Amino acid sequence: MRNKCEQCGLVNQLTDEACRRCGARLVEHAETGPEETKPKKRRLGQRIAWILGMTTVVLIICYLSLLLTSDELGYDKRKTVERAIAVLDANGFGKQAFVLRRLVSYRATDNWWNMQVGHHDAYAATNFPFEVVTLYPDFFEVAVDDNERAAILLHESYHLFGSGEVTALEQTWRAKHRLGWTEDRYGQTRVWANTEELTMAQLPNLFHCGSDGKSDCAP
């Protein structure tokens with residue numbers, strides 16, 4: 001901290017009352033050294049960018065953890081999945097087929113997330129928003145053909161878009177005739193029975209048609 005003479009410009013000591021060069025009285029104010037720079041506050045855009053960057057890093061880590069804690073599908077099973085997706089594509093479900101074909105990582109065993117949630121009786125499980133689909137043995141062994149597997153994948157595609165179980169059940173049930181997955185052909189299969197039971201429990205309004213008031217409203 002030093003005093004600067006306003007007359008001759010000499011910088012004097014803080015305790016000096018008169019200038020050492022010209023003798024002029026020093027004004028009682030102190031000249032400080034370089035101003036201490038205050039830490040600049042982050043701008044809103046920088047904060048948003050930082051938050052988005054950290055969120056992206058966390059999502060990538062979570063996604064990789066799902067892959068690392070589960071097994072890939074084998075070659076034969078991947079071919080089976082491709083055939084089922086082709087059924088969807090051929091029957092007007094192009095958007096769903098694109099996502100299922102291009103954006104999904106298929107797994108053969110449960111990852112850590114599924115182990116926590118539990119999908120013991122399911123044919124498949126989807127981890128949204130990571131687009132990871134686990135296909136259980138029943139998908140390949142219980143479903144009788146590619147049409148039934150296509151119906152299962154159609155159900156999972158709605159989860160891939162962020163829809164809940166009720167929406168997935170309803171949309172799949174309403175679209176079953178477009179897949180050729182109808183009661184007269186598949187009414188005795190386990191996949192049909194399971195899907196019908198779940199749909200009736202969640203969406204009883206789809207089964208109040210016909211003369212008896214208990215028939216399927218989306219035949």
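The values are calculated or read from the model by the stated rules, or taken from the named source; none is laboratory data. This is a predicted model, so every value here is computed, not measured. Positions of Cβ are backbone-derived with ideal geometry, glycine not excepted, and every protein chain shown enters the neighbour counts.
Just a few scattered comments:
- Where helices (runs of 4 or more DSSP H) fall wholly inside segment 71-148, the ranges with 2 or more residues that are of a type in the set (D, E, K, R) are 75-90, 94-102, 137-141.
- Selection count where residues are in contact (Cβ under 8 Å) with a residue 60 or more places away in the chain and surrounded by 24 or more Cβ atoms within 10 Å (Cβ to Cβ), scope segment 129-151: 4
- Among the residues of segment 100-120, those that are surrounded by 13 or more Cβ atoms within 10 Å (Cβ to Cβ) and under 15 Å from R78 (Cα atoms) comprise L100, R101, V104, S105, Y106, R107, A108, T109.
- In the set V81, V133, V57, only one residue is modelled with pLDDT under 95 and either on the phi < 0 side of the Ramachandran plot or among the charged types (D, E, K, R) (or both); that residue is V57.
- A count restricted to segment 144-171 and to residues that are farther than 22 Å from L206 by Cβ and among the aliphatic types (A, V, I, L, M) stands at 2.
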